[in-house]
Structure formats: structure tokens, C-alpha cells
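Engineer: Got a structure for you, questions after.
The values are calculated or read from the model by the stated rules, or taken from the named source; none is laboratory data. Remember, it's a predicted structure, so these values are computed and weren't measured experimentally. So basically every Cβ, Gly included, is an ideal-geometry build from the backbone, and we count neighbours across all protein chains shown. Just the protein is used for accessible areas: all its heavy atoms, side chains included, with ligands, DNA and RNA removed. Shrake-Rupley method; radii C 1.70, N 1.55, O 1.52, S 1.80 Å.
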Amino acid sequence: MSIIDELKWRGAVNQQTDEAGLAELVNEKKVGLYAGIDPTGDSMHIGHLIPFMILKRFQLAGHRPYIVIGGATGSIGDPSGKKSERVLQTMDQVRHNQECLTKQMEHLFGQDGSFKIVNNYDWLSKLSLLDFLRDYGKLFNVNTMLNKEIVASRLEVGISYTEFTYQILQSIDFLHLYQHEDVQLQIGGADQWGNITSGIDLIHRQEGADAKVYGLTIPLLLKADGTKFGKSEGGNVWLDPEKTSPYDFYQFWINTDDRDVVKFLKYFTFLDQAEIDRLAEAVATHPEKREAQKRLAEEVTEFVHGKDAVVEAQHITKALFSGDVAELTASEIEQGFKNMPSVTVTSAKQGIVEWLVDTTKIESSRRQAREDVTNGAIRINGEKVTDTDAEIDPSAAFDGKFVIVRRGKKRYFLARVSD
């Protein structure tokens, strides 16, 4: 199966500028191709990951991926999908974000020299205004630019000249990479079709109509409920472990709807067709086992965070399900209990009834606290406590940082111990 046929099977092809020409090109040579990202933030989220999964597949097939960090374009703003002008970042912010995104890309694509990261600030910053207008502005027809979807969608509310020129700058990126790196294919989301075709048009005007350059876009990824993929109830799911912990990242994928899991396996894993077909059968015949979701969570978490993060996420998941939280480390507790009810307590020892009622407010009254303790409904750090005269020592476990309370079968509370 060719790389293009594989992408079609995975449902990852929306439009191609010349389907037959691109198929012939990738079969006859190792192709240089690129996708870009503007440093508007200091981390990618999983929505950003989609085009770079395609780039990674080309890399694994032996082709030459280039990643363009938009140090120049990111400093002015992309109008795509926005109803208003972007707030311009300082150049210090842009540089910081560039460094963070570069580290993430190096982690995803490896250190073996089979890909290259470039920054469009390196060539766009060298253009004078007169060079820009004479060498490039003259080659773009305003009527054509106005008809591009990303611009047309903004005409009713207005668009600045700065953001209007974005498609010219991105076109120059494609031309530069074609001339200096032999890049012949640009990958992007469905909303980038206008920018990609503008770049191809510019190359044909500069290099001749026979220049072999192509564009491929990826469909907008929607969940079965019709909502856009990429967010959890808490907002964006980030690749930065400080923004979204590996445990929460793992949980996002393991909670995938049965209707979406096969689609996501095709998009976000490197499993082959036979294995994904087997998992699809498992979804159809034994959905309660959630085998496909578990495999999806393992594969994507390992790709983004590494094998150790998978083991840690699974350890936390198992402990929370079984109630055997005593085996968790302080770091694992920080991840696993991040979104659970929490309270801050001192390290002072205290009777369990008073601690549950007065200090933590976990119980509403002393009568209820005594009843729950006597009935075995209270577990402290995984251990059942049935003695109403028992004492809580917040410094006794988890490096003296936490006390974990489980009330009943499923209700967890986290007490954070202050100094």
C-alpha cells in the first residue's frame, strides 16, 4: 500500500491539488514535504497534532519532512477561522513559544536527522517592503485573494491589511522551501486549502507551470456527536505535561466514544490495518471490554509522553478503580487527584471525627462521621478505618504531602498538607 493509499484508508485525505501527479511522485522518489505551525502558544494541543501525524507517517515511509515554525507569520497572525483580529504578541513571547514548540517537535520526530525544523523568520525577515511589493505583491490578484475562503469569511466583519497578507507570506514559505530544500508537497488542515493553492500558484509563476508541487489537506475531524475534536470538558488537551498531565492525557483517549474509537485509531496511531480491523471487531462484539480505547490511549500516550508515562497512567487508573491508593507515589497522586475535591490541612494530628467534620468538611456532622466510620465507609490512604477514636496523622504517608480519603465506594477527597 502506497503512503497516499494508506492515508485514504485512514480517512486522512480531504483534498489534493493533483491526485494522479502526487501519487506518481511519491512512488518514484523520496519527497520533501512540510507542514507549519505558528508559535501563538507555548504548547501544541491534540488538535494541532493532526497534520503532524501525517508528516510522521511520511517520515516512517522514508520521505523527508520539514516543520516550519512560523516565527514571522506568527508575529502577525493567521486570519483562518477567526472572527476578529489576533492580539499581536511581543517578539519575546514569539521566541519563547518557538523554543517550546521546537522541543515538542524534536521529541515527536526524533533525533536521527530524518527531518528538519526551519523558521520562516529566517527568510521573511530579510524582505524589505519594496522587495515584498515588487517581487511578490505584483504576482497576487486581489480579486483572487478575496475569494479565498479564509479571507471571504472575514469580509463582513473586516480584516486588516496585515492579516490579509498572511496568504502571501505563507506562499513565500512554500516557494523558499521548493527552491532551497526541494520541498514539493505541503500538508495542512482543510482550512488551509486557500493558502496552499496560493503557494502553488506562486511557484508556478516563478518557476514555470511544469514545476511539480502539490498540496494535500486533511478533513476537519469531528466527533460522533458533531462537535469538533480536540477538547475535553476542562478545555484543550495539551501536549505539555505541565498543562495536561500524562494521566489526564491518557484518560482523554480511554474515554473515547465507541463510535469514534476506530476513527481515532486510524488517525492517531501507527497500528496497521489488520490490527485496527481486529480492534474494530472487538468494539462491535465486546464493547464493554473497551479494548480499542485502552490500546488507543496506550499508543498515543507513548508517542507523546513515552512508555514510562503509559505505565504511570495505568498504575494510577488501576489504583483509583481498586481503591488501592497506598501504592501511589506523591507525583502520581498529584496527577490522579488533580480534578477531585480537595482541601488544605495542616500537618497536625487530630481525631478522625473532628478532622472529617471541622478540618476538611468532608462530613456534614459528627453524627454522620461516626456512623460512616463505624460502618466502614471511610478509608484513609487506602486503609479502612472503623474506630471513631482513631487519629489522623497527615505526615504519615505520601512524603507528608497528601491524605487521601475515600467515602463510600467512589467518592474521593484529597487533603493537601501545608507546612
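Engineer: Taking 7 Å along the Cα-to-C-beta vector as the label spot, tell me the THR344-LEU60 distance in nanometres, rounded to one decimal.
Structural biologist: Going from the THR344 label point to the LEU60 one covers 4.6 nm.
Engineer: When ranked by the protection proxy of mean other Cβ atoms within 10 Å per residue, highest first, what sequence do the peptides 312-320, 324-332 form? Present the calculation step by step, with values, prior to reporting the outcome.
Structural biologist: Numbers: 312-320: 19.7, 324-332: 16.3.
Peptide ranking by packing, descending: 312-320, 324-332.
Engineer: Another question, if that's okay. Which shape class applies to segment 83-222: rounded if a/c is under 1.5, otherwise prolate when a/b exceeds b/c and oblate if not, where a ≥ b ≥ c are the square roots of the Cα gyration tensor eigenvalues?
Structural biologist: Details: a/c = 1.37, a/b = 1.17, b/c = 1.17.
Rounded is the answer for segment 83-222, as its axis ratio a/c remains below 1.5.
Engineer: Return the label of the correct value of Cα Rg over 2.2 N^0.38 Å, as calculated from the structure shown, out of (1) 1.05; (2) 1.22; (3) 1.37.
Structural biologist: Of the labelled values, this structure produces (2).
Engineer: Can you tell me which lysines have their Cα less than 28 Å from the Cα of LYS228? Leave out same-chain residues fewer than eight positions away.
Structural biologist: Answer for LYS228, where 28 Å is the Cα cut-off: LYS8, LYS56, LYS82, LYS83, LYS103, LYS148, LYS243, LYS263, LYS266, LYS289, LYS294, LYS338, listed by chain and number.
Engineer: Could you give the accessible area per residue of the chain, probe 1.4 Å, as a whole number in Å²?
Structural biologist: On the way: 20230 Å² over 419 residues.
Each residue of the chain exposes 48 Å² on average to a 1.4 Å probe.
Engineer: Placing +1 at every Lys and Arg Cβ and -1 at every Asp and Glu Cβ, with all other atoms neutral, what dipole size does the chain have around its Cα centre, in debye to the nearest 20?
Structural biologist: Working: 49 positive and 62 negative charges, 150 e Å.
Dipole of the chain, to the nearest 20 debye: 720 debye.
Engineer: Set Lys and Arg Cβ to +1 and Asp and Glu Cβ to -1, take the dipole of the chain about its Cα centre, and tell me which of THR217, THR285, PHE264 lies farthest positive.
Structural biologist: With unit charges placed on the Cβ atoms, the residue in question is THR285.
Engineer: Also, quick follow-up: Counting just the Cα atoms, what span does segment 5-148 cover along each of its three principal axes? Round to the nearest Å and put the largest first.
Structural biologist: Taking max minus min along each principal axis of the Cα atoms, segment 5-148 gives 41, 37, 30 Å.
Engineer: Would you mind classifying segment 221-312 by shape? Square roots of the alpha carbon gyration tensor eigenvalues, ordered a ≥ b ≥ c; an a/c under 1.5 is rounded, otherwise it is prolate if a/b is larger than b/c and oblate if not. Show your work: numbers first, answer last.
Structural biologist: Details: a/c = 1.87, a/b = 1.31, b/c = 1.42.
It comes out oblate by the Cα gyration axes.
Engineer: Then there is this: Could you list which residues have their amide H under 5 Å from that of GLY351, counting only those 5 or more apart in sequence or on another chain, with H placed in the peptide plane?
Structural biologist: ILE392
Engineer: Suppose R0 equals 25 Å; then what is the FRET efficiency for SER365 and GLU391 from their Cβ-Cβ distance, rounded to the nearest 0.05?
Structural biologist: On the way: r = 20 Å, r/R0 = 0.80.
The computed FRET efficiency comes out at 0.80.
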